[in-house]
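The values are calculated or read from the model by the stated rules, or taken from the named source; none is laboratory data. Just so it is clear, the structure is predicted and the values come from calculations on it, not from any experiment. Note that we place each Cβ from the backbone using ideal geometry, even for glycine, and neighbour counts take in every protein chain shown. Side chains included, ligands, DNA and RNA excluded: accessible areas come from the protein's heavy atoms. Shrake-Rupley method; radii C 1.70, N 1.55, O 1.52, S 1.80 Å.
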Amino acid sequence: MSDILSLIIRRLAFGLLTMLIVSFLIFFALELLPGDLAHAVLGQMATEETVAAIRKQLGLDVPAIIRYFYWLEGAVHGDFGKSLINKADVGHAIFGRLANSFFLAGFAALFAIPLAVSLGVAAALFRDTLFDKAINVASLTAVSVPEFLLGYILVLFFAVWAHVFPPMADIKDHAEFGERVYRSFLPAMTLVLVVTPHMMRMTRAAIINLLASPYIEMARLKGTPPWRVIVWHALPNALAPIINVVTLNLAYLITGVVLVEVVFVYPGIGQLLVDSVAKRDFPIVQACCLIFAATFIVLNIAADVGSIMTNPRLMHPK
């Protein structure tokens with residue numbers, strides 16, 4: 001137990017260091033964008049006095065490195081500043097959108113994870129059969145198609161032709177749970193089609209790699225049915241790579257939904273990020289990028305720890 005605890009502490013320390021580096025890159029990448037933020041807020045016809053006043057109000061008259069440390073201190077305390085467009089608190093502007101993105105990611109994961117693991121186990125059980133080949137062709141096709149194109153295809157079939165689901169997921173703030181599920185169905189199924197093939201292929205590969213192991217051969221020689229060999233003997237020992245790929249795809253569901261949210265006009269943090277970039281609302285852009293980075297780092301740590309807990313031999317790779 002102490003080994004796992006020390007591992008978690010080391011991973012968290014590296015995660016905090018990575019977050020510090022990422023925050024530096026986010027802040028100064030936006031600083032390097034062409035154009036002046038004060039002119040973008042006021043317009044090109046603004047006078048020099050007005051520009052100087054707004055620069056002082058926004059703190060742009062202070063050197064960038066000092067502004068970075070001010071911003072970092074506020075971010076540590078959960079204060080990301082105020083929006084440049086509507087002067088609202090950035091935390092309040094992001095909170096509702098982040099909840100919508102988590103809802104969409106959870107909705108997609110609820111379908112994708114059981115489906116991917118089940119198909120991966122079935123493909124390994126019926127290896128080299130017509131079913132296995134069909135599953136592999138379908139997964140490669142889904143992986144090869146960009147997510148925004150998958151979204152448009154689903155809109156064409158289920159919204160334009162069948163009129164089953166709405167083409168836009170314009171969810172209101174106080175919508176009922178059933179309404180949220182109904183309007184989120186198409187973007188969630190788009191994400192399911194994007195992440196399921198990766199998890200399914202990793203599950204299949206991890207199980208097939210174990211089928212040549214001596215204990216699997218012993219189970220077969222004892223007359224154990226093939227499905228029991230895979231489900232009860234191979235699958236538990238293949239959990240480490242499966243947990244890795246599942247967790248990384250969960251990170252994608254949260255951080256990589258920008259295109260899907262734009263396609264369906266879904267009111268999530270990805271759509272907010274795109275709108276804020278177009279309006280040069282840098283405090284919101286910085287906060288969104290930092291949240292994406294933190295989510296990805298935390299889920300990576302969870303993947304490492306989860307893999308090692310299911311297979312303690314990974315603590316000692318030699």
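Below is a table of values for the structure above.
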{"read-out": "Over the chain: helical MRE at 222 nm, DSSP H runs n ≥ 4 each giving -39500 (n - 2.57), nearest 500", "value": "-23500 deg cm²/dmol"}
{"read-out": "Relative contact order, percent, the chain [alpha-carbon distance under 8 Å, six or more residues apart]", "value": "26 percent"}
{"read-out": "Shape call, region 100-212: gyration tensor on alpha carbons, a/c limit 1.5", "value": "prolate"}
{"read-out": "Exposure rank, largest accessible area first [THR190, THR47; 1.4 Å]", "value": "THR47, THR190"}
{"read-out": "Per-bin percent of Cα-Cα distances, the chain [10 Å]", "value": "5, 21, 25, 23, 15, 7, 3, 1, 0"}
{"read-out": "HIS163 - accessible surface, heavy atoms, 1.4 Å probe, Å² rounded to 10", "value": "140 Å²"}
{"read-out": "Cβ charges +1 (Lys, Arg) and -1 (Asp, Glu), total dipole of region 167-318, debye", "value": "740 debye"}
{"read-out": "Taking region 166-318 and dividing mean pair separation by its residue count, relative contact order in percent (alpha carbons under 8 Å, at least six apart)", "value": "27 percent"}
{"read-out": "Rounded accessible area of TRP71 (nearest 10 Å², 1.4 Å probe)", "value": "30 Å²"}
{"read-out": "Region 165-240-region 79-109 distance, computed between alpha-carbon centres (Å)", "value": "29 Å"}
{"read-out": "Whole-angstrom gap from region 123-152 to region 1-20, using each part's C-alpha centre", "value": "37 Å"}
{"read-out": "Axial C-alpha extent at least 20 Å, average Kyte-Doolittle at least -0.5 - helices from the chain (DSSP)", "value": "2-31, 90-125, 130-144, 177-210, 239-255, 282-310"}
{"read-out": "Per residue, in Å², the accessible surface of the chain once ligands and nucleic acids are set aside, probe 1.4 Å", "value": "55 Å²"}
{"read-out": "Solvent-accessible area, 1.4 Å probe, carbon plus sulfur percent, for the chain", "value": "70 percent"}
{"read-out": "Computed label-point distance, nm, for sites LYS172 and LEU156 using a 7 Å Cα→Cβ extension", "value": "3.3 nm"}
{"read-out": "Tensor-based shape of region 250-302 (alpha-carbon gyration tensor, a/c under 1.5 rounded, otherwise prolate or oblate)", "value": "oblate"}
{"read-out": "The chain, dipole about Cα centre (Lys/Arg Cβ +1, Asp/Glu Cβ -1), debye to the nearest 20", "value": "1120 debye"}
{"read-out": "Exposure ranking of TYR68, TYR252 by accessible area [1.4 Å probe, largest first]", "value": "TYR252, TYR68"}
{"read-out": "Virtual spin-label span in nm between ILE66 and HIS163, 7 Å along Cα→Cβ", "value": "6.4 nm"}
{"read-out": "Accessible surface of ASP79 - all protein chains present, 1.4 Å probe, nearest 10 Å²", "value": "80 Å²"}
{"read-out": "Positive-pole candidate from VAL265, TRP161, HIS77, dipole of the chain, charges at beta carbon", "value": "TRP161"}
